[in-house]
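All remarks here apply to the structure that follows.
The values are calculated or read from the model by the stated rules, or taken from the named source; none is laboratory data. Please read all numbers here as calculations on a predicted model, not as lab measurements. Counting neighbours? That spans all protein chains shown, and the Cβs are built from the backbone with ideal geometry, glycine included.
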Amino acid sequence: MRGQLPRWVDVALLPVLNVVLAFFIAGLIVLAVGQDPLKAISIMISGSIGDGYSLGYTLYYTTDFIFAGLAVALAFHAGLFNIGPEGQAYIGGLGVILGALALNGMHWALVLPVMIVGGALFGALWAFIPGYLQAKRGSHVVITTILFNFIAVSVMGYLITRVLKPAGVNSDESAPIDPLTRVPALAQFTDFFKHTPVNVTFILAIVALFVVYWLVWRTKFGFAMRALGHNPTAANYAGISNEKMIMIVMALSGVLAAMVAVNNVGGVQGRLILNFVNGAGFVGIAVAFMGRGHPIGVALSALLFGMLYQGGQALAFEMPDIKKEMIVTIQALVILFTGAMGEMLRIPVAGIFNRLSAPSSSGEGGR
Amino acid sequence: MEQYVTLVQILGGTVRLAVPVLLACLAGLYSERSGIVDIGLEGKLLASAFAAAVASAVFGYAWIGILFAILAALAFSAIHGLASINFRGNQTISGVALNFLAAGLTVFLGNAWFHRGGFTPQLNGPQRFFPITLDTLSAPLDYVALPEWVPGIDWLRPIVQFLLYVIELPFYWFGRLVALVLGWVASNPIGEPLVNQLLLGHNIITYFAFLAVPITAWVLFRTRFGLRLRAVGENPKAIDTAGISVSRLRYQALIITAVLVGIGGAYLSIAQNAVFTPNMSNGRGYVALAALIFAKWRPGPALLVCLMFGFLDALQIRTQGATLAGLWDAINWIFGSWLPAIPAALAGIKTYEIPVQAVQVLPYVLTVILLAGFIGRAVAPKASGLPYTKDR
């Protein structure tokens, strides 16, 4: 049955149908508690892209989700399900703040590469360990990355509250980064974004989309990676070292996740605070599945989730009964339909297409 | 003597904290033995904790809370089954989705229904399970007060009450007997903490959880169903060839999973606590999964591993604010003073406060080390995670 459908159905129509289904069910849930889902959607749309201010916030969330989505997508191309971008981004924050504070006071253009490299190193390390354990010790990467999220919370909690916190400060946070050193908000260059947190990291996210496309589909390394994802045995016979690939791909995935820290620690917050990732790493899972692992898809679904998160904030004012957790529910439904239940709509859609295109082809429509 | 009491108290805490993990772990055992990976245990635990607290608050009875907890877990299992058995989807992704679904839906619905920021109303009286103590065991038996909403033909009510009374009688006499024996043990100073802190002082779900271990072992290794369950996880084709439905067996396993994890979730919100709080499962489902792997998918070892996690948890509560010197003394006491006294020169480190996070992180670090196979290698059921497709 696979391959009988036109390509555009697989690539575009089915994902869109699945997302529509997820939103439809979310709408029913909202309806079930006596709220108006259509009103909610219109508030969310105007609250997320209605003007420069809301768009600025939407793009700030989008930046996080692009990085986290790419992190999950990259690993998934190699057949690895990385559930740990949350922890990798958190630990990445340590590298970002260490880099920034070491050069505190210098111009941001000089420090940004240091922050990126610092974050990348720490994030890569945090993802490399589960990769190593999968490759060499056979412990499943899904469970180890989940556990590493928990471990990251404890490690960072300790470091922030007992080590990085300057004397005489009450709140649990590191020393602040100098305004000159901080990754500047786009609002500094254009009035359009007003006082919104979207910053130069957004441009970095766009670049990352192209880099990941190039890496996965235009290099030998990307080919080896996809080969591993499709068939590890065949990849091995083709002379690819699966163990090495798993470790490298996980580390790269951690690098992408850690860029969330550049956006938040280096840019928006300008300091290391507790739980700055705030679920962005988990959103990445939904973004990656919804975007089918392709940078274009990841960009579009990251934008959609950015709109949901910013729109959800606007919604909290207008319709306080719809809490922001509704977005986590939508996220769950999107993962469920696009990631795990893809066959559900595929079977009826395939049936329709078979009937439309070849009415004479004898009853081969089933599985 | 004081240290003995402390130790028994910690062991009592161990038992209490191990229960939800143990129930989730046994639940996962059925599912994974049948070849279905269940990352969604965490979500099921959370969803059923929420359902239990809501139903118990609305209907006024803890037992109804348990019923709804199981129903919630069944609903989640049904989605998981649909995705992984019928649509042959990725089981890990489905499980992850269910975890998010539980995290989002519980807070959203809880807030929409009760307007308490995701918390459910505080439960009291018959809305929750209380620890069984010597006093409650020997309390006189009384008629069960039937709630208002029980559909009432008036003359039927006393009959229902009488029937409940008759059903309760044997339990009552059993309780009296247990109270008699344990009361005698508790009359001596060594036995007193043992009875009050370790053997008693737990609610009924705790005893069920521990009973579920030998029952699971018996079902798995001594019944025809258990044999088929193990076979379908190792080699579904053989089961199919023998004319037994693979889907049916796997759905049966998922039902048992839902019942056990549902009771585990109810334990969190209506037995251990008296309220549902957002994200109250707090990773226990994942810990259960790890315990399952470490126990190599066997019920007996699963009990031991869960008790070990419970012990670490209990220790964590005890060591909040403890100093290094205190830890040193404790180790010395447990292992019979074989550590040398801390030299005077290092007196400074004596007062070093052990970070809370260091103890919090222990179960997770330990799990990673276990999973890495440094302590025995775990081999999963062969067909686990693979959807089964009939060849035609």
Can you name the residue in region B:262-285 that is touching a residue at least 24 places away in the same chain (Cβ under 8 Å) and surrounded by fewer than 24 Cβ atoms within 10 Å (Cβ to Cβ) and, of all such residues, is nearest to the other protein chains (Cβ to nearest Cβ)?
B:GLY283
Looking at (1) within 28 Å of B:ALA97 (Cα to Cα); (2) surrounded by 24 or more Cβ atoms within 10 Å (Cβ to Cβ), which is the one condition that is false for A:LEU303?
(2)
Scanning region B:73-104 for residues that are assigned to a helix (DSSP H, G or I) and surrounded by fewer than 21 Cβ atoms within 10 Å (Cβ to Cβ) gives B:LEU74, B:ALA75, B:ALA78, B:ILE79, B:LEU82, B:ASN86
Taking B:ALA49 and the conditions (1) touching a Gly at 6+ places or on another chain (Cβ under 8 Å); (2) within 11 Å of chain A (Cβ to nearest Cβ), which numbered condition does it fall short on, given that it satisfies the others?
(2)
Apart from one, (1) more than 10 Å from chain A (Cβ to nearest Cβ); (2) modelled with pLDDT under 75 all hold for B:GLU353; the odd one out is (1)
May I ask you to list the residues in region B:105-137 that are surrounded by 15 or more Cβ atoms within 10 Å (Cβ to Cβ), among the polar types (S, T, N, Q) and either farther than 30 Å from A:ILE327 by Cβ or without any contact (Cβ under 8 Å) to a residue 40 or more places away in the chain (or both)?
B:ASN111, B:GLN127, B:THR133
Collect the residues in region B:113-142 that are modelled with pLDDT of 85 or more and in a helix (DSSP H, G or I), keeping them in residue-number order.
B:TRP113, B:PHE114
A:TYR53: assigned to a helix (DSSP H, G or I), under 19 Å from the mean Cα position of the chain (by Cα) and at pLDDT 85 or above, yes or no?
no
Note on region B:295-309: residues closer than 17 Å to B:VAL365 by Cβ and surrounded by fewer than 24 Cβ atoms within 10 Å (Cβ to Cβ) are B:MET308
When only residues in region A:311-349 that are among the small types (Gly, Ala, Ser) and surrounded by fewer than 21 Cβ atoms within 10 Å (Cβ to Cβ) count, which is farthest from the other protein chains (Cβ to nearest Cβ)?
A:ALA314
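Does B:PRO151 satisfy the condition of being more than 30 Å from A:GLY312 (Cα to Cα), more than 14 Å from chain A (Cβ to nearest Cβ) and either assigned to a loop (DSSP other than H, G, I, E, B) or modelled with pLDDT under 85 (or both)?
Working: more than 30 Å from A:GLY312 (Cα to Cα): yes; more than 14 Å from chain A (Cβ to nearest Cβ): yes; either assigned to a loop (DSSP other than H, G, I, E, B) or modelled with pLDDT under 85 (or both): yes.
Here the answer is yes, as B:PRO151 does meet what is asked.
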Test set (1) within 23 Å of the chain's Cα centre (by Cα); (2) over 23 Å from A:GLN310 (Cβ atoms); (3) assigned to a helix (DSSP H, G or I) - A:GLY79 fails condition number
(3)
Can you name the residue in region B:370-392 that is out of contact with any helix residue (DSSP H, G or I) (no Cβ under 6 Å at 6 or more places or on another chain) and among the small types (Gly, Ala, Ser) and, of all such residues, is modelled with the lowest pLDDT?
B:GLY376
A:LEU164 passes all but one of the listed conditions (1) aliphatic (A, V, I, L, M); (2) over 22 Å from A:ASN263 (Cβ atoms); (3) within 14 Å of chain B (Cβ to nearest Cβ); the exception is number (2)
For region A:139-150, give me the residue count where each residue is at the interface with another protein chain (Cβ under 7 Å from one of its Cβ atoms) and under 20 Å from the mean Cα position of the chain (by Cα).
6
Is at least one residue of region A:50-57 within 30 Å of A:PRO320 (Cβ to Cβ), of a type in the set (Gly, Ala, Ser) and within 14 Å of chain B (Cβ to nearest Cβ)?
no
For A:SER154, work out the one condition from (1) buried (at least 20 other Cβ atoms within 10 Å of the Cβ); (2) facing chain B (nearest Cβ under 9 Å); (3) over 21 Å from the mean Cα position of the chain (by Cα); (4) not basic (Lys, Arg) it doesn't fulfil.
(1)
Between A:GLY229, A:GLY279, which is under 29 Å from A:GLY99 (Cα atoms), within 14 Å of chain B (Cβ to nearest Cβ) and out of contact with any Cys (no Cβ under 6 Å at 6 or more places or on another chain)?
A:GLY279
Residues of region B:286-299 satisfying the condition of being within 10 Å of chain A (Cβ to nearest Cβ) and within 16 Å of B:GLU234 (Cα to Cα)
B:ILE293
Scan region B:257-274 residue by residue and report those that are more than 16 Å from B:VAL219 (Cβ to Cβ) and among the hydroxyl-bearing types (Ser, Thr, Tyr).
B:TYR267, B:SER269
Tally, over region A:69-84, of residues that are buried (at least 23 other Cβ atoms within 10 Å of the Cβ) and within 14 Å of chain B (Cβ to nearest Cβ):
7
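Taking the criterion of being among the aromatic types (Phe, Trp, Tyr) and in contact (Cβ under 8 Å) with a residue 60 or more places away in the chain, would at least one residue in region B:246-256 satisfy it?
Residues of region B:246-256 that are among the aromatic types (Phe, Trp, Tyr), as a first pass: B:251.
Then drop every residue that is not in contact (Cβ under 8 Å) with a residue 60 or more places away in the chain, which leaves B:251.
Within region B:246-256, one or more residues are among the aromatic types (Phe, Trp, Tyr) and in contact (Cβ under 8 Å) with a residue 60 or more places away in the chain.
Quick grid of which residues meet (1) part of a helix (DSSP H, G or I); (2) within 14 Å of another protein chain (Cβ to nearest Cβ); (3) under 16 Å from B:LEU254 (Cα atoms):
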| site | (1), (2), (3) |
| --- | --- |
| B:LEU17 | yes, no, no |
| B:LEU22 | yes, no, no |
| B:GLU42 | yes, yes, yes |
| B:SER56 | yes, no, no |
| B:ILE64 | yes, no, no |
| B:LEU71 | yes, no, yes |
Would you please name the residue that is farthest from A:VAL16 (Cα to Cα), looking only at residues in region A:311-367 that are among the hydroxyl-bearing types (Ser, Thr, Tyr) and at pLDDT 80 or above?
A:THR329
